[in-house]
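Trainee: Could you have a look at this structure, given as structure tokens, before my questions?
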Amino acid sequence: MVSPTELRASDALDVLRRVFGYDAFRGFQQEVIDHVVAGGDALVLMPTGGGKSLCYQVPALVRDGVAVVVSPLIALMQDQVDALTAVGVRAGFLNSTQDYAARRTVEQAFVAGELDLLYLAPEALGTRGVQQLLDRGRIGLFAIDEAHCVSQWGHDFRPDYLALSMLHERWPAVPRIALTATATSATRAEIATRLQLTEAKHFVASFDRPNIQYRIVPKKEPRKQLLALLRDEHPGDAGIVYCLSRASVDKTAEFLVANGVAALPYHAGLDSVTRAANQQRFLREDGLVMVATIAFGMGIDKPDVRFVAHLDLPKSVEGYYQETGRAGRDGLPSTAWLAYGLQDVVQQRKMIETSDGDLAHRRNLATHLDAMLALCETVRCRRVQLLEYFGQPGTADCGNCDTCLTPPETWDGTVAAQKLLSTVYRLDRERNQRFGAGHCVDILLGKQNDKISQYGHDALSTFGIGTELREAEWRGVVRQLLAEGLLAVEGDYGTLALTEASADVLARRRTVTMRREPEKVASTRSAKPRGAATVVAELSPAAGSLFERLRAWRGATAKEQGVPAYVIFHDATLRQIATDSPTSLAELSRISGVGENKLAKYGESILTVLADQP
Ligand code: ADP
Ligand code: ZN
């Protein structure tokens, strides 16, 4: 005899195969699904691309009633519903962008039990109307997506998420599953408390994203460096470029376009129509580069983002990991690239110092920045450091980050640090003056310029005592001292000042090991393309040309239906079709990503594309 749980487990696998067209569950998807199907609460932490959606979509189909999915991503609900509709799942959403008629249709479908999933914005759940609506239907489970939005210290805090603790009080019998891709153990505890998920079982996946290559390079001419990266390694690939300010988003997008890269801007200063249009194009068209502030990206589940580049330093490791995590959801090789320099440290320290909020808030910001700086300055494997930060120590060096691929040299920078710190000390003590990094470096290099002579700084005892290092190296010294808190920046002009820890270095109680600044930024010229071009290069010539034809067919079909190309099929599925070259519907149905609905809808067209001799 089959026990009820076995029956359910096999139901889940059946749903996975027939609806989604996948052979097997990944990681602990199966365990999460079994737990939720059986009525348990769950808190799921999986990196981006790990496969969180199926953790609630499969239970939604196996359990009786409608799964209510809470998501802050109103702009993406349509795409999520389209993707489900494409595999034959009955889904709808309610949010403020809808007209009355569309809303009514979804509400009626919900009450009649004709939906499998209903997407809601958190603010909607707070309204009486929606609560009464939910009471009229049958809820199978609640899924709370992007659950880290409930964390007040986090970077995506949404006040409406705090009210979600009421789900449990109002519908105590309905299981809840909260999901997020970002959380240190402290944030995880906070999520559990605030959402009243204290009884929930925690499922924590490895945070590693082995297909992403992490690289942090010294910033010289960031736009040119970026262009070189795109030309040498990611020609024609889709990617995201993050900048700190709206102005630099606009300038960078213009620069890329002027240099023949198809790029679009995205930031909160653009009107909402332009913003929505640019996001739509990025999702729907192949190979666009989105230049954006961090206002862009949450919930963007475009699977084939081949690179994420940062032209400015992110404010925290959490932010950095979440932003870079948008690359390579499909598991194919991708790049996370960050250009970082002295000016970033000065700017961010200054921003914290002058920010509103109490001391505790500023301390919190500083702690986050320090962790980010430590990642930038490390001479260890970047991935090992990232995973340790997320509470996963003990992994081996990855072989797929810049420090593994070209181990940085270190040097004993104690004497250099002393020279610099004593310059700052002398300016302060002997002259009661404070200056920025550039001027202090000029003093050490013994430069004769107007400012030096105006202030008579050629009379300082440290004038000209630092000619053994190049200017770039001195800037590196300042940067690393700032990163380690051995030096501070102050005020609107970002002038340098000593910290308590500086004294230890000056008194030789502490040595300082530094990363060597490269002579010039390593050229990526020799680097191989890593994006879509690699997919084709790895296929045989025949399969490569099939893949291109399938992509063209997919592009045309997507356009016709007004959905993103990946809603039709992912690159990985097309690649498999091109390699296997199936000749019947039965053969085609065995390929990962081809479920019953898509087989019925696109099977014949694909076989025609395959049979067509070019
Ligand atoms: P997340 O929400 O965790 O970022 P998604 O749910 O978007 O990740 O899944 C990432 C990708 O992996 C999607 O393209 C999805 O279709 C695919 N995927 C998820 N689970 C499986 C599986 N068991 N087998 C094959 N592909 C899967
Ligand atoms: Zn590494």
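Trainee: Among the residues of the stretch 69-76, is there at least one that is over 21 Å from the mean Cα position of the chain (by Cα), away from ligand 2 (no atom under 16 Å from the Cβ) and of a type outside the set (D, E, K, R)?
Mentor: Yes - at least one qualifying residue is present in the stretch 69-76.
Trainee: A further question on this structure: Kindly list the number of the only condition in (1) at pLDDT below 90; (2) farther than 25 Å from residue 558 by Cβ; (3) within 29 Å of the chain's Cα centre (by Cα) that fails for residue 25.
Mentor: If we test residue 25 against (1) at pLDDT below 90; (2) farther than 25 Å from residue 558 by Cβ; (3) within 29 Å of the chain's Cα centre (by Cα), just (1) comes out false.
Trainee: Residue under question is residue 585, and the condition is that it be farther than 30 Å from residue 277 by Cβ, open to solvent by 20 Å² or more (accessible area, probe 1.4 Å) and touching a residue at least 24 places away in the same chain (Cβ under 8 Å); does it hold?
Mentor: So residue 585 fails the test.
Trainee: Here's a check for you: in the stretch 378-424, which residue that is assigned to a loop (DSSP other than H, G, I, E, B) and more than 12 Å from ligand 2 (Cβ to nearest atom) is modelled with the highest pLDDT?
Mentor: 413
Residue-by-condition table, conditions (1) under 22 Å from the mean Cα position of the chain (by Cα); (2) closer than 26 Å to residue 38 by Cα; (3) open to solvent by 20 Å² or more (accessible area, probe 1.4 Å):
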site	(1), (2), (3)
127	no, no, yes
130	no, no, no
134	no, yes, no
139	no, yes, yes
144	yes, yes, no
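Trainee: From the set of residues in the stretch 25-71 that are away from ligand 1 (no atom under 14 Å from the Cβ) and assigned to a loop (DSSP other than H, G, I, E, B), which is nearest to residue 299 (Cα to Cα)?
Mentor: Ranking the candidates gives 41 first.
Trainee: State yes or no: is residue 395 outside the structural domain of residue 507 (by TED's automatic domain parsing) and open to solvent by 50 Å² or more (accessible area, probe 1.4 Å)?
Mentor: Taking the combined requirement at face value, the residue satisfies it.
Trainee: Please enumerate the residues belonging to the stretch 83-102 that are farther than 18 Å from residue 145 by Cβ and crowded, with 18+ Cβ neighbours inside 10 Å. Steps first, answer last, please.
Mentor: Restricting attention to the stretch 83-102, the residues satisfying the condition of being farther than 18 Å from residue 145 by Cβ are 85-88, 90, 98-102.
Selection gives 86, 87.
Trainee: Taking the stated definitions as given, is residue 480 outside the structural domain of residue 374 (by TED's automatic domain parsing), exposed (fewer than 13 other Cβ atoms within 10 Å of the Cβ) and out of contact with any Ser or Thr (no Cβ under 6 Å at 6 or more places or on another chain)? Show your work before the answer.
Mentor: On the way: outside the structural domain of residue 374 (by TED's automatic domain parsing): yes; exposed (fewer than 13 other Cβ atoms within 10 Å of the Cβ): no; out of contact with any Ser or Thr (no Cβ under 6 Å at 6 or more places or on another chain): yes.
Taking the combined requirement at face value, the residue does not satisfy it.
Residues checked against (1) outside any strand (DSSP E or B); (2) closer than 30 Å to residue 140 by Cα:
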site	(1), (2)
166	yes, yes
179	no, yes
190	yes, yes
198	yes, yes
210	yes, no
225	yes, no
230	yes, no
250	yes, no
254	yes, no
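Trainee: Another question, then. Here are some residues: 298, 351. Which one is assigned to a helix (DSSP H, G or I) and open to solvent by 20 Å² or more (accessible area, probe 1.4 Å)?
Mentor: After ruling out the rest, the residue left standing is 351.
Trainee: While we're on this one: I need a count of the residues in the stretch 92-122 that are within 22 Å of residue 195 (Cβ to Cβ) and modelled with pLDDT of 90 or more.
Mentor: As a first pass, look at the stretch 92-122 and keep what is within 22 Å of residue 195 (Cβ to Cβ): 93-95, 117-122.
Adding the requirement that they be modelled with pLDDT of 90 or more leaves 93-94, 117-122.
So the count comes out to 8.
One line per residue, one yes/no per condition, for (1) part of a helix (DSSP H, G or I); (2) in the same structural domain as residue 53 (by TED's automatic domain parsing); (3) touching a residue at least 12 places away in the same chain (Cβ under 8 Å):
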site: 78; (1), (2), (3): yes, yes, yes
site: 96; (1), (2), (3): no, yes, yes
site: 104; (1), (2), (3): yes, yes, no
site: 115; (1), (2), (3): no, yes, yes
site: 123; (1), (2), (3): yes, yes, yes
site: 131; (1), (2), (3): yes, yes, yes
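The values are calculated or read from the model by the stated rules, or taken from the named source; none is laboratory data. Everything numeric here is computed off the predicted structure, so don't read it as measured data. Positions of Cβ are backbone-derived with ideal geometry, glycine not excepted, and every protein chain shown enters the neighbour counts. Calculation scope for accessible area: heavy atoms of the full protein, side chains included, ligands and nucleic acids excluded. Shrake-Rupley method; radii C 1.70, N 1.55, O 1.52, S 1.80 Å.
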